[in-house]
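Chemist: Before I ask anything, here is the structure I am working with.
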């Protein structure tokens, strides 16, 4: 994967340093529960999933979620492991990713 394939980071500041608590595959939708650094639980919904590639992703602390180029209408999401020496990983190709609850008013300071 070339660096030029990078599109953007996904989610707000709460995703950074969060931990994957639960991954539930409902067929076409992948539901991921994150536990944020501030103690809140967040839910990611990846809709119309094409592929899931993962290894021991439960319990993985996230550095970030990045989106990379992929042929439309799909999008490629890579969940970056905070620990470089850990072999846990998660990559999902899906049509959409929704973070709930969405942060409508960012917390200052």
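Chemist: Select from the stretch 30-62 the residues that are touching a residue at least 24 places away in the same chain (Cβ under 8 Å), over 10 Å from the mean Cα position of the chain (by Cα) and over 15 Å from residue 96 (Cα atoms) and list them in ascending order.
Modeler: Across the stretch 30-62, the qualifying residues are 38, 40, 42, 53, 54, 55, 56, 57, 58, 59, 60, 61.
Chemist: Continuing with this model, one more query. So how many residues does the stretch 23-50 have that are in contact with a strand residue (DSSP E or B) (Cβ under 7 Å, 6 or more places away or on another chain) and over 27 Å from residue 73 (Cβ atoms)?
Modeler: Within the stretch 23-50, residues that are in contact with a strand residue (DSSP E or B) (Cβ under 7 Å, 6 or more places away or on another chain) and over 27 Å from residue 73 (Cβ atoms) number 3.
Chemist: Moving on. Answer yes or no: is there a residue in the stretch 10-21 that is part of a strand (DSSP E or B), at pLDDT 95 or above and buried (at least 17 other Cβ atoms within 10 Å of the Cβ).
Modeler: yes
Chemist: Right, something else. Among the candidates 68, 45, single out the residue that is farther than 16 Å from residue 8 by Cβ, surrounded by 15 or more Cβ atoms within 10 Å (Cβ to Cβ) and either at pLDDT 95 or above or in contact with a helix residue (DSSP H, G or I) (Cβ under 9 Å, 6 or more places away or on another chain) (or both).
Modeler: Selected residue: 45, the only one of 68, 45 that is farther than 16 Å from residue 8 by Cβ, surrounded by 15 or more Cβ atoms within 10 Å (Cβ to Cβ) and either at pLDDT 95 or above or in contact with a helix residue (DSSP H, G or I) (Cβ under 9 Å, 6 or more places away or on another chain) (or both).
Chemist: Go through the stretch 77-101 and give me each residue that's touching a strand residue (DSSP E or B) at 6+ places or on another chain (Cβ under 8 Å) and without any contact (Cβ under 8 Å) to a residue 24 or more places away in the chain.
Modeler: Within the stretch 77-101, 78, 80, 81, 83 meet the criteria.
The values are calculated or read from the model by the stated rules, or taken from the named source; none is laboratory data. Note that this is a predicted model, so its numbers are computed, not measured. Heads up, the Cβs are rebuilt from the backbone with ideal geometry, glycines too, and the neighbour counts pull from every protein chain shown.
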